[in-house]
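Down below is the structure, laid out as structure tokens.
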Amino acid sequence: MIKQDFISKYIQELNKTLARIISLEVGNSDDGFLIIFNQMLQSYYKVDDNNLSILLEENEERDQFLLADELKKKNILTFMKAIRVYLNQGNHDKAKASYSVLKRIESINSGIFQFPTAEDNLIASERKVVEEKMKNIG
């Protein structure tokens, strides 16, 4: 029970961090985004953006945050933003690694029906941009 309370509190904190990351505009604050993104990766997943492919491996400790139902949409938006930032900086390897992590997050079906939200609309519009940009790098 204590462990579950701890994890729940950790998920709440990660949710706040992801919301802050998502709110940063892509473009002028790309460096600021990457600093916060890396802090998030190190704090919650024990990796940095040089090792994003580690998030493709199943790991119970990391997956409880990466694949949590209550964080799914924010994780999707965060990794979409990471893809765009890496592409803006010409870092195709990190963009591809982020894209693979995004696909892993999306592949997990929560089985919980939810009515579409504004966040879903944002994900749909971001997806179009990200998919188009990813096609262009091959």
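The values are calculated or read from the model by the stated rules, or taken from the named source; none is laboratory data. Everything quoted here is computed from the prediction, not taken from an experiment. Counting neighbours? That spans all protein chains shown, and the Cβs are built from the backbone with ideal geometry, glycine included.
Just a few scattered comments:
- Any hit, region 25-38, residues being assigned to a helix (DSSP H, G or I), farther than 20 Å from S8 by Cα and aromatic (F, W, Y): yes
- Scanning region 40-54 finds one or more residues that are under 16 Å from the mean Cα position of the chain (by Cα), within 21 Å of N15 (Cα to Cα) and of a type in the set (K, R).
- Single unsatisfied condition, S53 versus (1) in contact with a Ser or Thr (Cβ under 6 Å, 6 or more places away or on another chain); (2) at pLDDT 90 or above: (1)
- Looking only at residues in region 66-111 that are touching a residue at least 12 places away in the same chain (Cβ under 8 Å) and outside any helix (DSSP H, G or I), the one that is nearest to I54 (Cα to Cα) is L67.
- Test for S125: is it over 16 Å from L18 (Cβ atoms), surrounded by 12 or more Cβ atoms within 10 Å (Cβ to Cβ), of a type in the set (G, A, S) and without any contact (Cβ under 8 Å) to a residue 60 or more places away in the chain: no
- Lone qualifier among I54, I35 - being farther than 18 Å from L102 by Cβ, of a type in the set (V, I, T) and free of Cβ contacts under 8 Å to residues at least 12 places away in the same chain: I35
- Out of D31, D93, D5, D69, sole residue that is modelled with pLDDT of 90 or more and exposed (fewer than 15 other Cβ atoms within 10 Å of the Cβ): D93
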